[in-house]
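The values are calculated or read from the model by the stated rules, or taken from the named source; none is laboratory data. All values reported here derive from a predicted model rather than from experimental measurement. Glycine gets a Cβ as well: all are built from the backbone with ideal geometry, and neighbour counts include every protein chain shown. In case anyone asks, the SASA skips ligands and DNA or RNA and just uses the protein heavy atoms, side chains included. Shrake-Rupley method; radii C 1.70, N 1.55, O 1.52, S 1.80 Å.
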Amino acid sequence: MKIALIAHDRKKPLMIKLTTAYKAILEKHELFATGTTGGKITEATGLKVHRFKSGPLGGDQQIGAMISEDQLDLVIFLRDPLAAQPHEPDVTALIRLSDVYEIPLATNIGTAEVLLRGLEAGFLDFRTVVHELENRPLSLE
């Protein structure tokens, strides 16, 4: 799977803990990240991460473009809900695109762990399940 990893400044240490704890799962997948976050992940874990620009310089938009082109399967975006972000419209757009294209999105550590454990358990193609559910006939029984 193709997984994007993004973290606001105050959440970067938490992203490092997450990627360190789940390194055995993450190393089996193709990883993408905004610039600073990706550098810190690689430095701390040795994981191979394709790095985009930093979030405020367009990295969020680059990841959003991948979502709109059906090139991402999962997004972990540890955002800081208590700090104003200068690029908040980009953050909102990324979240909206994840919803539009039905890409699983974790915006906090709890959801991130659930998604990574689901990945480990073999629930690899979230969108296939959604597609199957959408195409089932509606039963009123």
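Miscellaneous remarks
- Subset of the range 82-92 that is free of Cβ contacts under 8 Å to residues at least 40 places away in the same chain and surrounded by 15 or more Cβ atoms within 10 Å (Cβ to Cβ) - its residue that is farthest from Pro13 (Cα to Cα): Asp90
- When the residues of the range 47-60 are filtered to those that are closer than 22 Å to Asp99 by Cα and buried (at least 19 other Cβ atoms within 10 Å of the Cβ), the one that is modelled with the highest pLDDT is Phe52.
- The one condition in (1) surrounded by 17 or more Cβ atoms within 10 Å (Cβ to Cβ); (2) under 19 Å from Val114 (Cα atoms) that Thr20 fails to fulfil: (1)
- Considering the range 1-17, the residues that are surrounded by fewer than 16 Cβ atoms within 10 Å (Cβ to Cβ) and of a type outside the set (D, E, K, R) include one that is modelled with the lowest pLDDT, namely Met1.
- The single condition from (1) among the acidic types (Asp, Glu); (2) open to solvent by 20 Å² or more (accessible area, probe 1.4 Å); (3) touching a helix residue (DSSP H, G or I) at 6+ places or on another chain (Cβ under 6 Å) that Glu69 fails is (3).
- Annotation note: Cβ proximity below 7 Å between a residue of the range 96-113 that is within 25 Å of Pro13 (Cα to Cα) and a residue that is surrounded by 15 or more Cβ atoms within 10 Å (Cβ to Cβ) and of a type in the set (Ser, Thr, Tyr) (sequence gap 6+ or interchain) occurs for Leu105/Ser98.
- Check on Gly39, more than 15 Å from Ile103 (Cα to Cα) and modelled with pLDDT of 95 or more: yes
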